[in-house]
Amino acid sequence: MLLAIAALLIHFPAVPQKLIPIVTSTTADLGSSVVSTPGRTVPEATSPAPVLPTSWSLPLSRPMVFASPIYLAPEKPRYGQPSRRLWLTLTIAQHGAATFDAWSTRRVISSGQCQEQNPLLKPFAGNASLYAAIQVGPIVLDYLGRRMMKSQQGWARHAWWLPQAMGTALSVASAAHNLRLACVPGDTRS
């Protein structure tokens with residue numbers, strides 16, 4: 001409805017006929033014509049006559065040339081922007097350390113020497129779903145690190161790597177603890 005009203009109210013003025021160039025051609029412009037001579041009708045080539053501008057046609061303007069080339073300003077380096085490659089490296093390290101922690105936990109629990117003490121991971125400790133469940137923590141820390149990397153706060157942009165680094169260190173320490181427990185018989189902690 002509004003589009004129809006706008007189309008009725010807003011219109012463009014017609015272009016005056018004086019401004020539209022009209023090109024006419026003669027038979028000489030066609031490149032060849034039929035010349036009739038008495039007793040002979042053979043097409044013969046004739047020289048094309050130049051088209052002369054008339055008083056009612058618009059003159060063509062020359063193309064504009066720039067006086068000097070346009071230079072783009074060099075891109076400013078972004079020293080304050082953290083590297084995404086470093087964030088991905090920390091993400092891979094953190095998820096690898098969490099997988100190593102899950103593997104060592106399953107090894108100790110399956111040997112019958114220990115049991116899982118973390119109440120959030122206890123339902124997953126008896127089967128292979130522990131590998132997926134233990135990845136929730138690194139995903140949350142990856143998200144937190146990414147948000148800190150893009151933060152407007154200066155302290156957060158400088159400390160964006162701490163959640164991932166601490167998560168990696170915690171997972172490696174837990175896996176090392178589990179491997180020590182696998183060597184000591186009789187201990188029931190994990």
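The values are calculated or read from the model by the stated rules, or taken from the named source; none is laboratory data. Keep in mind it's a predicted model, so treat the numbers as computed, not measured. Heads up, the Cβs are rebuilt from the backbone with ideal geometry, glycines too, and the neighbour counts pull from every protein chain shown. For accessibility, only protein heavy atoms count, side chains too; no ligands or nucleic acids. Shrake-Rupley method; radii C 1.70, N 1.55, O 1.52, S 1.80 Å.
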Subject >> Pair list, Cβ < 6 Å and 6+ apart or interchain, from region 76-87 residues that are among the β-branched types (Val, Ile, Thr) to residues that are modelled with pLDDT of 60 or more and surrounded by 10 or more Cβ atoms within 10 Å (Cβ to Cβ) >> reply: none
Subject >> helices (runs of 4 or more DSSP H) enclosed by region 119-190 - at least 3 residues per element that are open to solvent by less than 30 Å² (accessible area, probe 1.4 Å) and in contact (Cβ under 8 Å) with a residue 60 or more places away in the chain >> reply: 162-183
Original post:
Is it the case that region 101-111 has a residue that's under 30 Å from PRO82 (Cα atoms), open to solvent by 30 Å² or more (accessible area, probe 1.4 Å) and either under 30 Å from the mean Cα position of the chain (by Cα) or of a type outside the set (Lys, Arg) (or both)?
Top reply: no
